[in-house]
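Below you'll find the structure, written out as structure tokens, and then a few comments.
The values are calculated or read from the model by the stated rules, or taken from the named source; none is laboratory data. Because the structure is a prediction, the values reported are computed rather than measured. Heads up, the Cβs are rebuilt from the backbone with ideal geometry, glycines too, and the neighbour counts pull from every protein chain shown.
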Amino acid sequence: MEKLNWKIEGMSCTNCALTIDKYLTGKGMQQVKVNFIGGDLSFESDNTIPTNEIEKGIEALGYHVITGEKNTTHQDKRIFKNHLQRFTFCIIFTAPLLVHMIPGIHIHVLMNPYVQLSLTLPVFIVGMDYFGRSALKSVLKGVPNMNLLIAIGATAAFGYSLYGTLTDQAAQYMFYETAATILTLVFLGNWMEDRSVQSTQAALRKLAVSQKTMANMIAYDDKHEEHIFQVDSQVLKTGDLLLIKTGESVPADCKILWGDAEVNEAIFTGESLPVHKKMTDTLIGGSLLQNGTVKAYVTAAGQNTVLSHILQMVKEAQSQKPPIQQLADRISAIFVPVVVSLSIITILINYFAVHESFSNSLLRGIAVLVISCPCAMGLATPASIAVGLGRAAKNGILFKNARSLELFKSIQQIVFDKTGTLTTGEFSISGFQITADFKKNTAFTNQEEAFKRIAFSLEKYSNHPLAKTISKNWKCKDDLRWAKIEEIKGWGMKASDKEGNIYTAGSYQSVTNLTKESTHNIYITCNAELIGWIDLVDEIRPEAYEVIRLLKAKGFTTILLSGDRKEKCAQVAGQLGIDQVYAEQTPEQKLQKIESLNTKAPTAMVGDGINDAPALAKATVGISVSDASHLAMQSADVVLMNNGLQHLPLALGLGKHTYITIQENLFWAFAYNIIAIPVAAMGYLSPAFAALSMGFSDVVLAINSLRLNFKKVA
């Protein structure tokens, strides 16, 4: 299966997304995800149907496809390209029809039915070119959209007026003003809605713009002389050499070969203070060199960069629907046929039961059509999620799915790994000791050097933070060559040489039968005899104190779950004020403990995303505190980039308040329609006011969603 990511232009509501979804599903496409706010479409194809045929099918629905590789050859030949242009054109003709509403002004010629027809006709043609065309295509595809309601309402008013004009009964059938006003004000409402909805994408667009920049590429001629020329960052590939100067954006993920600089990574971490970068350090594409000049080589470009992964994750999360949206989607799918039926019933009841004139009955039916807003129900969740995810990404928080946003509302317990999560993970060797038996070993002329060589030879094959510290500090050239070596998770390293000697480097659990000394970090054995131990120290992250304090103040139960010794775990928990401690846990035991905690209350697990992967996956919500460069490898639901533990309260708050905002939006959407439709049916709303109110309802949702950008959530 091939996964395709396209951009779709022209979607205006959730029914548009449903139309495209239904079309692609009918063609056998799988994993179809459509986000009408951002215009993103992703699906999996088995290539039985050519992609150009799928493109043409979507184009036939009335939308415009951008595949990512190229823009489709289809050119929109229409005069008006957006709602603002349509509104501007229409208001010129509609305004004279509304002059009589101004007290004291009465222009007789404007009351002539043929003058009103000539003024309304251009508006009607433009309106039907957009609403009518869209409505017809939606009906033919079996998913009628909201434009059908507008088209029916405007056509009914225009047709009724035209009939009166042609039969010399204009005085009783004069609704040209209603038809023109409906179309004009809906164009205005749609433009306001588009502007409001686009603002919910501001943070994501800022990230996307950061992808596009110029790069100073270094090349060498046949005389090995250096030349620098500018290229678009989109053409860079792995291995290219770059010169990056003060004030320039990093065009792709790089590693520094020469120079050092102060780098602003706020676009990824939300932290405005620059980070000092030197030779061999990595630079993330999209960050900014505030001071300094470096030469670097590209390690990832195009769709493989950290920034691209971030954008893709956010887009995928936006296209997913949390359970709370499912009811709204089911109602939206049948909303238009139901409203058309209600409109007809309104006309019949007013005419036959209430004994209103047919003109008044028709106006009330039209008002019901125009004021109904299925878009509000479809917009409620996507708008909130777009703002919530945007604010999160701006602060170095990445939600990989929309489901985790909703789950955050119920989290009661937060479990922390210790090493690399609550502590810096940057260890230093505080001391070591060699046993008396090893000191007597005459096979080694220098027992201390031999001990270090054995420890390095074992630990160089491990990714554990303790092992990395030992291999970094005790690196040697004459390391031992093993016949076999393996890492036993939660235990340590085990190796054998060609002579059959067995060496281990592990935690106290690996030597419980050899010593009662349980206060050291790493124990080294040879042929089941203890030859020494190593002590390392790790500092608690400065931000951990405030994070734990904030979480406890919010009522969360805090738990430390670690593979480290009880004494060290108890010490860290005591310093931070953590409620519960579970120490000396293997990865399997961590998994079982998370499973047990989940049965008591919804639980979030915070870890480094490497040794804690199983526990992160098992938790209600898994939160990885990790380096941004390893973003693509994380298996957690949420990633706090660049060890951003300080953003944990914000992540929890954003999840909770995004869900609250979705609830508020859905309440408004349902309440608006439940109240507005009966009010219109009883004749208390004119079609013109109904048209303006319909557009305003979506603007209210967008504004409420935008509050997430400024609301205090942590």
Does the stretch 656-706 hold any residues that are closer than 18 Å to residue 406 by Cα and of a type in the set (D, E, K, R), and which are they?
-> 656, 664
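Taking residue 648 as the residue in question, decide whether it is in contact with a helix residue (DSSP H, G or I) (Cβ under 6 Å, 6 or more places away or on another chain), modelled with pLDDT of 90 or more and not polar (S, T, N, Q).
Working: in contact with a helix residue (DSSP H, G or I) (Cβ under 6 Å, 6 or more places away or on another chain): yes; modelled with pLDDT of 90 or more: yes; not polar (S, T, N, Q): yes.
Answer is yes for this residue.
Taking the condition more than 40 Å from the chain's Cα centre (by Cα) and either over 19 Å from residue 367 (Cα atoms) or assigned to a loop (DSSP other than H, G, I, E, B) (or both), does residue 115 pass?
Details: more than 40 Å from the chain's Cα centre (by Cα): yes; either over 19 Å from residue 367 (Cα atoms) or assigned to a loop (DSSP other than H, G, I, E, B) (or both): yes.
Here the answer is yes, as residue 115 does meet what is asked.
How many of the residues making up the stretch 89-139 are among the aliphatic types (A, V, I, L, M) and touching an Asp or Glu at 6+ places or on another chain (Cβ under 8 Å)?
Looking only at the stretch 89-139, we keep the residues that are among the aliphatic types (A, V, I, L, M), and these are 91-92, 95, 97-99, 101-102, 105, 107, 109-111, 115, 117, 119, 121, 123, 125-126, 128, 135-136, 139.
Next, from what is left, pick out any that are touching an Asp or Glu at 6+ places or on another chain (Cβ under 8 Å): 97-98.
Count: 2.
What's the total number of residues in the stretch 1-25 that are of a type outside the set (Val, Ile, Thr) and in a helix (DSSP H, G or I)? Let's see the steps before the verdict.
Of the residues in the stretch 1-25, the ones of a type outside the set (Val, Ile, Thr) are 1-7, 9-13, 15-18, 21-24.
Still in the running and in a helix (DSSP H, G or I): 15-18, 21-24.
So the count comes out to 8.
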Among (1) in contact with a helix residue (DSSP H, G or I) (Cβ under 7 Å, 6 or more places away or on another chain); (2) not in a helix (DSSP H, G or I) - the single one residue 543 does not satisfy = (2)
Does the stretch 40-62 hold any residues that are modelled with pLDDT of 85 or more and either touching a helix residue (DSSP H, G or I) at 6+ places or on another chain (Cβ under 8 Å) or not assigned by TED's automatic domain parsing to the domain that holds residue 29 (or both), and which are they?
-> 41, 42, 43, 45, 54, 57, 58
Identify, please: which residue in the stretch 434-475 is farther than 12 Å from residue 526 by Cβ and of a type in the set (Val, Ile, Thr) and is, among those, surrounded by the most Cβ atoms within 10 Å (Cβ to Cβ)?
-> 470
Within the stretch 276-291, considering residues that are in contact with a Lys or Arg (Cβ under 8 Å, 6 or more places away or on another chain) and hydroxyl-bearing (Ser, Thr, Tyr), the one nearest to residue 253 (Cα to Cα) | 282
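Of the residues that sit in the stretch 561-589 and are of a type in the set (A, V, I, L, M, F, W, C) and more than 18 Å from residue 604 (Cβ to Cβ), which one is farthest from the chain's Cα centre (by Cα)? Talk me through it step by step, then tell me what you get.
The first filter runs over the stretch 561-589 and keeps only residues of a type in the set (A, V, I, L, M, F, W, C), leaving 561, 569-570, 572-573, 576, 578, 581, 583.
The next check asks that each one be more than 18 Å from residue 604 (Cβ to Cβ); those that pass are 569-570, 572, 583.
On the way: 569: 35, 570: 37, 572: 34, 583: 35 Å.
Of everything passing the filter in the stretch 561-589, 570 is farthest from the chain's Cα centre (by Cα).
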Do we have residue 385 as assigned to a helix (DSSP H, G or I), at negative phi, surrounded by 24 or more Cβ atoms within 10 Å (Cβ to Cβ) and in contact with a strand residue (DSSP E or B) (Cβ under 9 Å, 6 or more places away or on another chain) here?
-> yes
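If the requirement is being of a type in the set (D, E, K, R), more than 20 Å from residue 144 (Cα to Cα) and either in contact with a Cys (Cβ under 7 Å, 6 or more places away or on another chain) or without any contact (Cβ under 8 Å) to a residue 24 or more places away in the chain (or both), which of these qualifies: 53, 44?
On the way: 44 fails: either in contact with a Cys (Cβ under 7 Å, 6 or more places away or on another chain) or without any contact (Cβ under 8 Å) to a residue 24 or more places away in the chain (or both).
Just a single option satisfies the conditions, and that option is 53.
When you go through 511, 572 one by one, which is the residue that is buried (at least 18 other Cβ atoms within 10 Å of the Cβ), hydrophobic (A, V, I, L, M, F, W, C), in contact (Cβ under 8 Å) with a residue 12 or more places away in the chain and out of contact with any helix residue (DSSP H, G or I) (no Cβ under 9 Å at 6 or more places or on another chain)?
On the way: 572 fails: out of contact with any helix residue (DSSP H, G or I) (no Cβ under 9 Å at 6 or more places or on another chain).
Among 511, 572, only 511 is buried (at least 18 other Cβ atoms within 10 Å of the Cβ), hydrophobic (A, V, I, L, M, F, W, C), in contact (Cβ under 8 Å) with a residue 12 or more places away in the chain and out of contact with any helix residue (DSSP H, G or I) (no Cβ under 9 Å at 6 or more places or on another chain).
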Output yes when any residue across the stretch 82-91 is at pLDDT below 90, among the charged types (D, E, K, R) and assigned by TED's automatic domain parsing to the domain that holds residue 690, and no when none is.
-> no
Go through 65, 115, 123 for me and flag whichever is in contact with a strand residue (DSSP E or B) (Cβ under 7 Å, 6 or more places away or on another chain), modelled with pLDDT of 85 or more and surrounded by 13 or more Cβ atoms within 10 Å (Cβ to Cβ).
-> 65
